[in-house]
Amino acid sequence: MIILQQVRHVPDLKRILVSIGKLAEDGYQKTLHDSTWVISQGNLKIDSGNKYNNLYSMMAIHPEGALNVA
């Protein structure tokens, strides 16, 4: 699970954008391939997904329900 801290929120935005640079600053490693991505911390794989329409997408869980993240 990735816990995002000190983030900005845009209420009217239909998707949540996550900065790969911010994840790197917080100690996560990222691997981007042609159409897939992996986020890890040390030897632990945190999440992975696919690229759609030039965006690497993932599902995120929010206390109020599932979110689409791009």
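Taken over the range 25-36, residues that are outside any strand (DSSP E or B) and open to solvent by 50 Å² or more (accessible area, probe 1.4 Å) amount to 5.
Evaluated against (1) at pLDDT 80 or above; (2) surrounded by 10 or more Cβ atoms within 10 Å (Cβ to Cβ), MET59 falls short on exactly one condition, (1).
One residue alone among ILE39, ILE2 is at pLDDT below 85 and open to solvent by less than 50 Å² (accessible area, probe 1.4 Å), and that residue is ILE2. Reported count of residues in the range 5-24, each being among the β-branched types (Val, Ile, Thr) and exposed (fewer than 10 other Cβ atoms within 10 Å of the Cβ), is 1.
The values are calculated or read from the model by the stated rules, or taken from the named source; none is laboratory data. What you are looking at is a predicted structure, and each value in this text was computed from that prediction instead of being measured. No Cβ is skipped: glycine too gets one built from the backbone with ideal geometry, and neighbour counts run over all protein chains shown. When the accessible area is computed, the model is the full protein with side chains, heavy atoms only, and any ligands, DNA or RNA have been set aside. Shrake-Rupley method; radii C 1.70, N 1.55, O 1.52, S 1.80 Å.
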